[in-house]
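Engineer: Just dropping this structure here.
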Amino acid sequence: MADAAEDAKQKEALNGQLKEYIAEWRKTREKEEEELKKLKEKQAKRKEIRAEQEKKLNQSKKEEEEKLRKEDNEKKAKEAEEKKKRLEEAETKRQEMLEAQKAGGDGKKKSVAGGDAKDARKEMTKTKEQLEEEKKIALSIRIKPLEVEAMDSDELKAKANEIFNIIVQLETDKYDYEQRKLTQELDLKELKERQKAQLRQKALKKGLDPEALVGKYPPMIRMYSKYERRTDTRTYDDRKKLYEGGWEVIRAESLDAIWKEKYEEWSKRPSKKLPKWFGERPGKKAGDAETPEGEEEGGDEAPAAEEEEDYEEEEEEEEEEEEEEE
């Protein structure tokens with residue numbers, strides 16, 4: 001009975017301890033849950049703050065981009081207006097020049113031709129986009145819109161006749177320019193043929209082939225500067241030898257010197273050398289050193305006669321040992 005009572009007491013004590021542990025664990029668990037809730041609330045607040053900050057940044061970026069776009073558009077509009085004004089002025093000047101050219105004589109035509117050459121040089125440097133823009137602006141200036149609705153039948157007929165006359169004039173000008181181009185091409189061909197004939201005569205006078213100066217053969221190589229006062233009278237072989245050699249010659253000389261040094265070292269070596277023995281030296285006695293005299297470091301510098309004597313002594317010792325064994 002006493003043992004049963006003790007067991008019951010022990011069980012009660014254990015149950016009490018377990019209840020205490022469970023209560024403590026629950027308290028710690030509640031604290032941890034509260035801390036987690038607080039951390040989650042902080043995290044949510046931070047996310048909201050970050051989202052607001054990102055929205056503000058995006059709005060400020062959009063506003064800046066819109067400002068930049070507006071500024072770019074304003075700049076482009078100003079540039080387009082300035083271009084249009086310049087082209088209008090140029091067009092008006094051109095129209096005045098054409099009218100003056102029609103009314104005036106040849107002197108004015110020559111001055112206009114010089115100005116056209118300068119304008120052509122400027123136009124050569126322009127890009128295709130710039131030329132297209134200028135073309136559109138020029139056409140908008142030249143071709144003015146027709147107010148057809150406000151015109152009567154007589155006015156429409158007069159306008160149609162005017163446009164027809166303009167087209168006829170433009171076609172005649174086009175035909176004239178094409179014919180002038182053909183005549184200029186023929187003149188250029190004739191001038192080229194005359195130039196070739198003159199060059200052939202010049203070559204024959206110099207004793208060369210008639211086609212030498214025409215362009216059939218490549219031009220002669222000038223091996224001297226045109227700024228030198230004295231002309232180079234050397235032959236082609238002499239000139240060619242000037243560019244020969246260089247690094248190859250220097251390399252060959254250095255290799256030759258290295259080879260001579262190595263050959264001298266090789267020729268200074270002794271004529272005969274004793275063979276190097278591996279393991280125990282034949283003819284070695286009990287008290288002798290591992291290497292005989294003359295075979296140590298620096299022994300290669302000994303004369304050949306001493307090496308031959310040592311070799312003969314070793315052979316005699318070997319023969320004596322063999323006789324003793326027998």
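The values are calculated or read from the model by the stated rules, or taken from the named source; none is laboratory data. Just so we're clear, the structure is a prediction, and the values are computed from it rather than from any experiment. As a convention, Cβ positions derive from the backbone with ideal geometry for all residues, glycine included, and neighbour counts pool all protein chains shown. Protein only, heavy atoms only, side chains kept; ligands, DNA and RNA dropped before computing areas. Shrake-Rupley method; radii C 1.70, N 1.55, O 1.52, S 1.80 Å.
Engineer: Examine the stretch 41-49 for a residue that is in a helix (DSSP H, G or I), among the hydrophobic types (A, V, I, L, M, F, W, C) and open to solvent by 100 Å² or more (accessible area, probe 1.4 Å), and state whether such a residue exists.
Structural biologist: No, the conditions are met nowhere in the stretch 41-49.
Engineer: Identify, from the list K181, K159, K189, the residue that is farther than 30 Å from I143 by Cβ and either of a type outside the set (S, T, N, Q) or at pLDDT below 90 (or both).
Structural biologist: K189
Engineer: If I filter the stretch 50-65 for residues that are open to solvent by less than 100 Å² (accessible area, probe 1.4 Å), charged (D, E, K, R) and part of a helix (DSSP H, G or I), do I get at least one hit?
Structural biologist: Yes, the stretch 50-65 contains a residue that is open to solvent by less than 100 Å² (accessible area, probe 1.4 Å), charged (D, E, K, R) and part of a helix (DSSP H, G or I).
Engineer: For residues that are of a type in the set (A, V, I, L, M, F, W, C) and open to solvent by 100 Å² or more (accessible area, probe 1.4 Å), scanning just the stretch 147-185, find the one that is nearest to L213 (Cα to Cα). Spell out how you get there, then give the answer.
Structural biologist: Of the residues in the stretch 147-185, the ones of a type in the set (A, V, I, L, M, F, W, C) are 148, 150-151, 156, 158, 160, 163-164, 166-168, 170, 182.
Narrowing further to those that are open to solvent by 100 Å² or more (accessible area, probe 1.4 Å): 164, 170.
Working: F164: 55, L170: 45 Å.
Going through the qualifying residues, I end up with L170.
Engineer: Still on this structure: Going through the stretch 124-146 one residue at a time, which ones are open to solvent by 100 Å² or more (accessible area, probe 1.4 Å) and within 43 Å of the chain's Cα centre (by Cα)?
Structural biologist: Once the filter is applied, which keeps residues that are open to solvent by 100 Å² or more (accessible area, probe 1.4 Å) and within 43 Å of the chain's Cα centre (by Cα), the stretch 124-146 yields M124, T125, K128, E129, E132, K135, K136.
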